[in-house]
Amino acid sequence: MKKTKFSLCWAFFAVASGLLAPSGYLAAQPSHVVRPGDTLWGISGEHYQQPGRWPEIQRRNGVGEPRRLQPGTVLYFADGRALGEDEAMALAVMGQVWLRRPGEPDVPVVQGGAVKAGDTLSTAAGSFLTLGLPDGSRSVIPSNSTVELQVVDRRHIGFRLLDGGIESQVRKQHADQEFKVRSRSVVLSVRGTRFRVSVEDERVVSEVLEGRVAASQAGSASELSIEAGQGAVLEDGVIHPTVRALLAAPQFASRTPSAASPSVEITQVPGAQGYRWRIAQDDMFLAPLAEGASAGTSLALPRELDPGFYHLQVAAVDDTRLEGMPGSLLFYMPRPGGTSVWKDDGRVELQWAGSSARHYRLELSRDPGFAVLVIDRKGMQASSTIVGPFAVSGLYYWRVSEAQDGEHYGQPIASGSIDVPAR
């Protein structure tokens, strides 16, 4: 199994307690990311072709009020196989992930596959693995990482971090349970928390977002307590420079990237030396899609993202390479192909790929978030429309969505902007 050079990366969890399935029974994919307007009845019909099986989905995913599904929640579906008490499960696999089992050749990790004690997992560049654990905890192994699962059962979870990083959402532990991450020289003990840990050469970096982590040198009884909102760097067996507060979460100056130039602007965080970001389709980041780093406040996002809604999380990195608290943004990556053509009389024709047999809605706004609409045309059976002339100069944003039924419209199928010059 080829070991890749570590590039510092992270994942931030926002896993609601209701997502965690009952201990000892986690199903493999497929999964469903809840969209606005989704119901358990409809989701059951879509995935099982039997709407009446919605109570199974509710029980499996711990959904409290089925009529109030939170968009972005990930729902998993039973496939008839229970998660054994002595194994973890690959809930989500992105890119190239390899498993090494003693005495056997390396094999690619597949979604729904079992991971047992003694197995070593390795992720390639741009690849991620999400593990479901018997106690209901989740761990993401980000790109360029190598991790050994040393112990796994309902009472004991133990990882050995060989290279790269691991990020975990740990369920609250009972007195007889333990969740530990070990590196060559450091042991991190957890009692229910959200935390990250990574290694690079002789450095071990840990940040705690919620709860508490106890860090100790291997073989030492003394512990360093790292509380929520704090981080520490352990280097050559010495805490340096002791526990410190994590940098504040960045704020977003722009919120709507374009297909032609996908980027998002954030405000400068005092003390930041750079920024790290990650993209996923769910707000719990159980299945990350892409990651990156930026020295400045302009984040260049991947151009290859399919049209749709995505979740972006960004953290500032300080002078010790500790990553701060996350800032989060839900954004829409528009579908390329929408065009605008100026007319001689100062009006603009907006064009998109459409059909006269379908109905469309056009929204025009001065706000990229479309909070206040200048134009809202519904029920159009066309692939173009004309707007203007404009009495006020400046930038206008437009998007077109397709009707799902007589009343509701889906996600935008085309979008763009119009820069109206001053007269």
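The values are calculated or read from the model by the stated rules, or taken from the named source; none is laboratory data. Please read all numbers here as calculations on a predicted model, not as lab measurements. As a convention, Cβ positions derive from the backbone with ideal geometry for all residues, glycine included, and neighbour counts pool all protein chains shown. Each accessible area value is taken on the protein alone, full model and side chains, heavy atoms only, with ligands, DNA and RNA left out. Shrake-Rupley method; radii C 1.70, N 1.55, O 1.52, S 1.80 Å.
Structure values in brief
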{"item": "Test result for Val147, among the β-branched types (Val, Ile, Thr) and in contact with an Asp or Glu (Cβ under 9 Å, 6 or more places away or on another chain)", "result": "yes"}
{"item": "Test: residue in region 250-265 that is of a type in the set (Phe, Trp, Tyr) and at pLDDT 90 or above", "result": "yes"}
{"item": "Qualifying residue in region 19-29 (condition: surrounded by 14 or more Cβ atoms within 10 Å (Cβ to Cβ), touching a helix residue (DSSP H, G or I) at 6+ places or on another chain (Cβ under 8 Å), assigned to a helix (DSSP H, G or I) and at pLDDT below 60)", "result": "yes"}
{"item": "Any hit, region 353-368, residues being acidic (Asp, Glu), open to solvent by 30 Å² or more (accessible area, probe 1.4 Å) and assigned to a strand (DSSP E or B)", "result": "no"}
{"item": "Residue among Asp319, Asp344 that is without any contact (Cβ under 8 Å) to a residue 12 or more places away in the chain and out of contact with any helix residue (DSSP H, G or I) (no Cβ under 6 Å at 6 or more places or on another chain)", "result": "Asp344"}
{"item": "Subset tally (residues that are in a loop (DSSP other than H, G, I, E, B), of a type outside the set (Val, Ile, Thr) and open to solvent by 30 Å² or more (accessible area, probe 1.4 Å)) for region 383-423", "result": "13"}
